[in-house]
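What follows is one structure encoded as structure tokens, with my remarks underneath.
The values are calculated or read from the model by the stated rules, or taken from the named source; none is laboratory data. Predicted, not measured: the structure shown is a model, and the values here were computed from it. Ideal geometry is used to build each Cβ from the backbone, glycine not excepted, and the neighbour counts take in all protein chains shown.
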Amino acid sequence: MKTVLVHDWYYTNGGAEKVIRSIDNIWNDIEHFSLIDNLNDHDRQSILNGKTVTTTYLQKWPLIKKRHRLFLQLFPSAIESLDLRNFDLILSSSSAVAKGVLTNQNQLHICYCHSPARYAWDLYHQTLEDSNLKRGLKGFYAKYVLHKMRVWDVVSSNRVDVFVANSKYIAKRIKKVYRRDAHVIYPPVDVNRFELIKNKEDYFLTASRLVPYKKIELIVQSFNQMPNKKLIVIGNGPEFKKISKIANNNVLMLGFQSNETLKEYMQKAKAFVFAAEEDFGIMPVEAQACGTPVIGYGKGGLTETVINNETGLFFDEQNTEAIVNAVSRFEKLQFDSEKIRTNALRFSKERFELEFRNFVFEKFQEFNRQKNLL
């Protein structure tokens, strides 16, 4: 079974890349393809065990390393240029275009879908607004490109034989956008890296890349209204300066921190605050692995990883009043840190690797049986 794994792009070490690492653990002889590869040596070792990636013609284009999203209109043709004829099994890790690779009837294509392209679908209007592209000539062109992306996105979904979603929430989005069913396998979380600490300190924590949809600014605004509650914010990104300017004295903006430092703050926090509507959300699971409860927006993948009033607490709206009320309710409840950690263990990377391996082998055997009957 000669196998290839196609990923959208390699430029950071995030949640999708943790999936890549686990899949590479399952099949250590797998080959890797992608639109572009801009990993440093440390991340390449962490994600790909030091392996090289076969890339597209975009790899040599100027500006591609720093501003790859400028070339969005070229992504479909670039991903279709990858020659995968020599492989029996194609696995794609897709939140944009990786699922659009060209295959033939003798190849099985299984897509692990993190989400249909959010910037083209459910975040379309927010993307235009955040990029100041709602009006003018640039706005007209951006809307045209995103329209073409939506058409291609639906067409290319028909090239996938089997969809796997990273949550029930995403399975519903796949059904809505592509009219396809998806099997749910939750992504891997390295829960064993996070030890349980029962004695918590008097602060709340949020951590994320500081981009608009993560709603870190909203969390900070909420804690501005609670001057007796301490909030620690870990993470960097385009909104760091903006959020730092509005943060009151009870909010500590730490910027980027190492994984070990983040873990220490996570272990000792009273609660981890999470206001985004996330597809799955790895950090809330990591927090629970530390025995730390989550105060989170009760929508999206979070509702599948947090048990309301047992391992965390949900608020229903993305506004300051809802978060302030949730923190007030949280202070009146008691949480069992061991039960919180036990809940997180459901999402271990060992569980993912076993579940994904068995699912792929089952589908590949089924595919071969059907092919032999023809």
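Here are the numbers:
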item	result
Positions within the range 221-260 being under 22 Å from the mean Cα position of the chain (by Cα) and either touching a residue at least 60 places away in the same chain (Cβ under 8 Å) or more than 14 Å from Y203 (Cβ to Cβ) (or both), in sequence order	G235, N236, G237, P238, E239, F240, G255, F256, Q257, S258, N259, E260
Cβ pairs under 8 Å, 6+ apart, first in the range 299-322 and more than 20 Å from L333 (Cβ to Cβ), second assigned to a helix (DSSP H, G or I) and small (G, A, S)	T320/S222
Filtered residues of the range 45-63 (kept if buried (at least 19 other Cβ atoms within 10 Å of the Cβ) and either charged (D, E, K, R) or at pLDDT below 95 (or both))	I47, L48, L58
Residue match in the range 136-148 (condition: over 18 Å from L70 (Cα atoms) and small (G, A, S))	no
Test: residue in the range 299-320 that is outside the structural domain of Q105 (by TED's automatic domain parsing), over 30 Å from L108 (Cα atoms), crowded, with 17+ Cβ neighbours inside 10 Å and over 22 Å from the mean Cα position of the chain (by Cα)	yes
Any hit, the range 281-293, residues being under 17 Å from K215 (Cα atoms), of a type in the set (A, V, I, L, M, F, W, C), touching a residue at least 60 places away in the same chain (Cβ under 8 Å) and not in a loop (DSSP other than H, G, I, E, B)	yes
Scan of the range 38-73 for residues that are hydrophobic (A, V, I, L, M, F, W, C) and under 23 Å from the mean Cα position of the chain (by Cα), ordered by number	L39, I47, L48, V53, I64, L70, F71, L72
Flag if H68 is at pLDDT below 90, within 24 Å of K148 (Cα to Cα) and not hydrophobic (A, V, I, L, M, F, W, C)	yes
Residue in the range 31-51 that is part of a loop (DSSP other than H, G, I, E, B), under 18 Å from F367 (Cβ atoms), in contact with a strand residue (DSSP E or B) (Cβ under 7 Å, 6 or more places away or on another chain) and in contact (Cβ under 8 Å) with a residue 24 or more places away in the chain present	no
Top-ranked residue of the range 351-374 - restricted to ones that are part of a helix (DSSP H, G or I) and aliphatic (A, V, I, L, M), ranked as farthest from the chain's Cα centre (by Cα)	L373
Index of the failed condition, S167 passing every other in (1) closer than 22 Å to A275 by Cα; (2) assigned by TED's automatic domain parsing to the domain that holds F315	(2)
Unique match (being within 30 Å of F163 (Cβ to Cβ), modelled with pLDDT of 95 or more and touching a strand residue (DSSP E or B) at 6+ places or on another chain (Cβ under 9 Å)) among A271, A275, A322, A326	A275
Residue pairs meeting the criteria (Cβ under 6 Å; at least 6 apart or on separate chains; first not assigned by TED's automatic domain parsing to the domain that holds L48, in the range 14-29; second in a loop (DSSP other than H, G, I, E, B) and at pLDDT 95 or above)	none
